[in-house]
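Okay, so here's the structure we're looking at.
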Amino acid sequence: MNPKLPLFAVLLTALLTSGCATRNTASGGKETSLLAGAVTYSSDSFQPVTPTTVNADTSSIVGKNGPSGKKVTLLWGLITLHDY
């Protein structure tokens with residue numbers, strides 16, 4: 001067995017779990033941040049998207065049952081995918 005493999009597994013686990021947080025939003029949903037905010041998932045978030053992001057409205061692709069309010073933000077707000 002490679003002696004570097006357990007060290008790699010520990011470092012990967014530390015990276016993936018660092019900076020993780022979940023909070024309740026004012027609209028009653030939840031917001032979860034991973035990788036120190038590099039990836040953020042929000043449910044029941046109907047907040048307007050900032051003009052400094054690449055905005056992708058996915059409701060026109062898959063939202064046939066009405067808006068769900070789900071939003072995924074990548075790279076600290078550089079890219080935003082939302083369904084509302």
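We did not get these values from a lab; they are worked out from the coordinates using the rules stated. Everything quoted here is computed from the prediction, not taken from an experiment. Note: ideal-geometry Cβ built from the backbone for every residue, glycine included; neighbour counts use all protein chains shown.
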With N set to the number of residues, divide the alpha-carbon radius of gyration of the chain by 2.2 N^0.38 Å and report two decimals.
1.37
Give me the one-decimal nm value for the distance between modelled label points at K30 and A14, 7 Å along each residue's Cα-to-Cβ direction.
2.8 nm
